[in-house]
Amino acid sequence: MPLVDRVFRSRRLSPFVYGALALLVFLALGALLPNYLVYLAITAIVATIALIGLGIVTGTAGMIALCQLTFAAVGAWIVSLFTVLQVPGGYLLWLVAGGVVAGLAGVVIGLPALRLRGVNLAVVTLGFAAAADATLLKTQFPGAPQGTKVPRPEGFTDDRGFFVFCAIVLVVIAVAVHFLQKSRFGSGWRSVAFSERGTASAGTSVRLSKLSAFAVSAAIAGIAGGLIAGQVGTAYPAGFNTIQSLALYVLAIVSGSYLLEMALFGGILWVLIPELLKRLGIPQDWGFVVFGALGIQALTTNSNLGQDLRNAVTRRRRRRLQAAGAAAESGLVPLGEEDFATALTTAPAHGRAPRALLTVSGLSVTFGQVQALQNVDLTVEEGTIVGLIGPNGAGKSTFVDAIAGFLPQHEGTVRLGDDALDGLPPHRRARLGLRRTFQQDRVPPSLTVGDFVTFISRGRATVAETAEVLEFLGCPPAATRISNVDVGTRRLVEVAANLAAKPRLLVLDEPAAGLSHEEHVAFGQRLRLIPARYGTSILIIEHDLDLVRSVCGSITVLNFGEVLASGDQETVMNDPEVLKAYMGETEML
Amino acid sequence: MLQGALAGLAAGGVYAVVAVCLTLMAQLVKVINFSQAAIGMFGAFIAVTFADAHVPQWLAVMLGILCGVVLSGVIGWIIATWLPEASISARSAVTVASLLLLISMSYILFGTKPKTFRAVFPGPAFEVGGVVVSQVTVVMVVLAVAVAIAAKIVLSKTGVGTSLRAIADRPVAAELMGVPVKPFAIGVWLVTGLIVAVAIAIVAPTQTSDAASLSLLVIPASAAALLGGFRRLDLAVIGGLALGMIQGATAQFPELSLVRDWIPLVLIVVFLLWNQRKEVWDAAR
């Protein structure tokens, strides 16, 4: 493989390569663009930066934020103020300070809206935009009434120079955001957009994820605002008003600005459409009408230009791969009896005296008048697999929710080893080593399998470990997009990722739903290998009694929220009460 | 102070009316309609345009209101057709786009300068202890209370109300039972469009009447709706009236002019914190 090819394929290097290439293009543009276009190009670059920030909140984390230009105003305000006060350090430092202060403003504005859904954030941000707008109109920017000019950085003072400066800032931010998106933070943002419960169960704080997305977005907007102050010299409120923030939000949706190149595309549209209208002698307000109409179109069809383009590219690439016969087959295949026996015996034995890992005592949950769980006791010993079964509505999933921390109002105590879990939020319990999977699909389709494993394991699984656990459960390879994986297999990916987190206890809520019979058998075999292989004990909720029989040493049966029977498999399965609950009275006669 | 508070009551009335509409929309068609006030604004501007063209004022106002109803119906139709099962966020985002579209459209059609409206209800109604209460104030407060009570009665006592609540809670089940979900949803949009267009037409002469200011009346209105958690109509009315009076009272003190702009936001934040004091997750399970 030639060197160029290798550099471009390398996941770690390619962002820098693309960044450097983009910078070269910008340098060329800075030298070649006609004078009157340079100023517009600066506007496009600044808009791109603001859109990159907005993309994190709207595209990646799935929230509605309507005050991006207000955060930009904060950045511009700081830069203007520092100019008036003649704070030492110069423009670049002021720019960073503007970003930091805007980020802090983001934290303050974001905090109250965090625990609720995106719509509330929309209300808060719109309120913030309008209030700040009104205040700025009255106070103006520092130094504006006196006509103080914000000095541009040394060596970049003319428009062409400042264009290059802005381009450098853009490239630095784009590369940084690329790595952030790829990091666990980025996966957390995507995960929170898909499911808050899933995020919390991965040991990631939902609040922190949302807040970090919002703060990063605001900080980037602040930097964009500082650049605007440098561009225009004296900032005026008209450049940062509420309507423009709305337009920028809509543009972020239309262009799909969580994709970096699409943010650039959006930035270009931001100046191109009004400019074209001006050339044609059409009022420039039509620009926002166009944005609004495109926005309605994009939102109602749940599509955007960026994703459409990317999908087209991946489709082509996949077709090429398939043509080359590279379509990888994966799937869960049962081990032969001999292989399985060897695997079981070669697994390192614990040899320790059995110790209680999960101890639940007196667990009760009430929803209004309904007693969902009454005084439930359950113990899982280290290195074992315990089954929790019962008819529909017996309270099994409520039990899982309660021990995982989603029902803080429950009574009774839950201990994991020596740690008392009572009162801890779900993400803290997950970090202490209690992981769970969900009955519903909670695997964010926007991630790859590998990113998902990294996210769920909180970065603990190495590349080799990830590959090993994926192969163990017959999952597709790490580079596969989850959106291309069928729902049954997604459940296996979920189990594999949680295993990679090496929890002390893994609670599986109907993991085998959606698997074929053959896969069921294979899955049961794998489960039996898990305690010795990964040091993880398992509590499994399952309707398929064959699977339960084949893997569980002891079983607890719930019926109408109470423990009906509990003990080793043989005793419980032959208990007449259990048979009655499952088969009904008449069957017994 | 009292003078100011009473003067703010007219604005409070329009906040309350819009808040009631926002609450109805949030409950019945699962959308926070950011373009709620903009729809009324557009109708009011149409009315002014017709009045300027020497159409009799009553007819001009009627045409403006009709325009608001149609606009609201069109947005409702778009959402009901393409996003029948989308989340509240996704639907509300559409109304952000339509808010942008309506404001910029009105800049094109009517210019960016504030408009002079001829008052529909001119002059004072009565005096309390030397403080004049205008007709607009009385009409707005009555309208707000009447709309809330009428909505409550329709929803809880009539067959239509039962269908609407069924659609709100279980759209698919309602559809399977033969309730015409889409027409009903669009109907809700038409009715709220009508209410808001009437309210803005009445109150526009007393407000800062440029397109953006009128459209952003939705912010104090959503603060009021949040007092009722986008669920309770009575609290939405009380919140709207109280917010108007607080703003009116602070207007008496020039030194508070900066603070005044932040009152809606502060209330929004306070109500949000109150509403979310219990743990909330995005899905029931």
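The values are calculated or read from the model by the stated rules, or taken from the named source; none is laboratory data. Keep in mind that what you see is a predicted model, and the values were worked out from it rather than measured. All Cβ positions, even for glycine, are placed from backbone atoms using ideal geometry, and neighbour counts span all protein chains on display.
Below, the figures for the structure above:
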{"read-out": "Residue in the stretch A:28-70 that is farthest from B:Ala97 (Cα to Cα), counting only those that are over 19 Å from the mean Cα position of the chain (by Cα) and among the polar types (S, T, N, Q)", "value": "A:Asn35"}
{"read-out": "Every pair of residues 6+ apart whose Cβ atoms lie under 6 Å, when the first sits in the stretch A:363-390 and is in a loop (DSSP other than H, G, I, E, B) while the second is buried (at least 23 other Cβ atoms within 10 Å of the Cβ) and aliphatic (A, V, I, L, M)", "value": "A:Gly390/A:Val557; A:Gly390/A:Leu558"}
{"read-out": "Single match in A:Ala76, A:Ala132, A:Ala97 (criterion: crowded, with 24+ Cβ neighbours inside 10 Å, more than 14 Å from chain B (Cβ to nearest Cβ) and either without any contact (Cβ under 8 Å) to a residue 12 or more places away in the chain or under 37 Å from the mean Cα position of the chain (by Cα) (or both))", "value": "A:Ala76"}
{"read-out": "Some residue of the stretch A:536-544 being touching an Asp or Glu at 6+ places or on another chain (Cβ under 8 Å), of a type in the set (D, E, K, R) and closer than 26 Å to A:Arg197 by Cα", "value": "yes"}
{"read-out": "The stretch A:51-74: number of residues that are in a helix (DSSP H, G or I) and under 14 Å from A:Asn241 (Cα atoms)", "value": "7"}
{"read-out": "Residues (within 14 Å of chain B (Cβ to nearest Cβ), within 20 Å of A:Ala174 (Cα to Cα) and of a type in the set (A, V, I, L, M, F, W, C)) located in the stretch A:230-271", "value": "A:Leu248, A:Leu251, A:Ala252, A:Ile253, A:Val254, A:Trp270"}
{"read-out": "Filter result for A:Ala238 (assigned to a helix (DSSP H, G or I), of a type outside the set (S, T, N, Q) and surrounded by fewer than 22 Cβ atoms within 10 Å (Cβ to Cβ))", "value": "yes"}
{"read-out": "Residues being in a loop (DSSP other than H, G, I, E, B) and either within 14 Å of another protein chain (Cβ to nearest Cβ) or charged (D, E, K, R) (or both) - total across the stretch B:221-253", "value": "6"}
{"read-out": "Members of the stretch B:68-109 found to be closer than 26 Å to B:Ser209 by Cα and more than 11 Å from chain A (Cβ to nearest Cβ), listed by number", "value": "B:Gly68, B:Val69, B:Val70, B:Leu71, B:Ser72, B:Gly73, B:Gly76"}
{"read-out": "From the options A:Ala213, A:Ala200, residue that is among the small types (Gly, Ala, Ser), closer than 27 Å to A:Ala298 by Cβ and buried (at least 24 other Cβ atoms within 10 Å of the Cβ)", "value": "A:Ala213"}
{"read-out": "Given (1) in a helix (DSSP H, G or I); (2) more than 28 Å from A:Val192 (Cα to Cα), index of the condition B:Trp274 fails", "value": "(2)"}
{"read-out": "Contacts under 7 angstrom Cβ, first residue in the stretch A:315-337 being closer than 30 Å to A:Glu518 by Cα, partner modelled with pLDDT under 65, 6 or more apart", "value": "A:Leu321/A:Ala327"}
{"read-out": "Matching residues in the stretch A:459-478 - criterion: being more than 11 Å from A:Ala501 (Cα to Cα) and among the hydrophobic types (A, V, I, L, M, F, W, C)", "value": "A:Val463, A:Ala464, A:Ala467, A:Leu470, A:Phe472, A:Leu473, A:Cys475, A:Ala478"}
{"read-out": "Hey, B:Val218 within 10 Å of chain A (Cβ to nearest Cβ), within 13 Å of the chain's Cα centre (by Cα), in contact (Cβ under 8 Å) with a residue 60 or more places away in the chain and buried (at least 17 other Cβ atoms within 10 Å of the Cβ) or not", "value": "yes"}
{"read-out": "Selected residue (criterion: surrounded by the most Cβ atoms within 10 Å (Cβ to Cβ)) from residues of the stretch A:272-289 that are in a helix (DSSP H, G or I) and within 9 Å of chain B (Cβ to nearest Cβ)", "value": "A:Phe288"}
{"read-out": "Single unsatisfied condition, A:Gln68 versus (1) away from chain B (no Cβ under 14 Å); (2) in contact with a Gly (Cβ under 7 Å, 6 or more places away or on another chain)", "value": "(1)"}
{"read-out": "Unmet criterion (only one of (1) over 26 Å from the mean Cα position of the chain (by Cα); (2) over 30 Å from A:Phe162 (Cβ atoms); (3) in contact (Cβ under 8 Å) with a residue 40 or more places away in the chain) for A:Val119", "value": "(1)"}
{"read-out": "Single residue of B:Leu101, B:Leu66 found to be at pLDDT 90 or above and within 16 Å of B:Ile202 (Cβ to Cβ)", "value": "B:Leu66"}
{"read-out": "Whichever residue in the stretch B:195-211 is touching a Gly at 6+ places or on another chain (Cβ under 7 Å) and within 13 Å of B:Val20 (Cβ to Cβ) and, among such residues, is surrounded by the most Cβ atoms within 10 Å (Cβ to Cβ)", "value": "B:Val196"}
{"read-out": "Scan of the stretch A:135-180 for residues that are within 14 Å of chain B (Cβ to nearest Cβ) and either among the polar types (S, T, N, Q) or buried (at least 19 other Cβ atoms within 10 Å of the Cβ) (or both), ordered by number", "value": "A:Thr135, A:Leu136, A:Thr139, A:Gln140"}
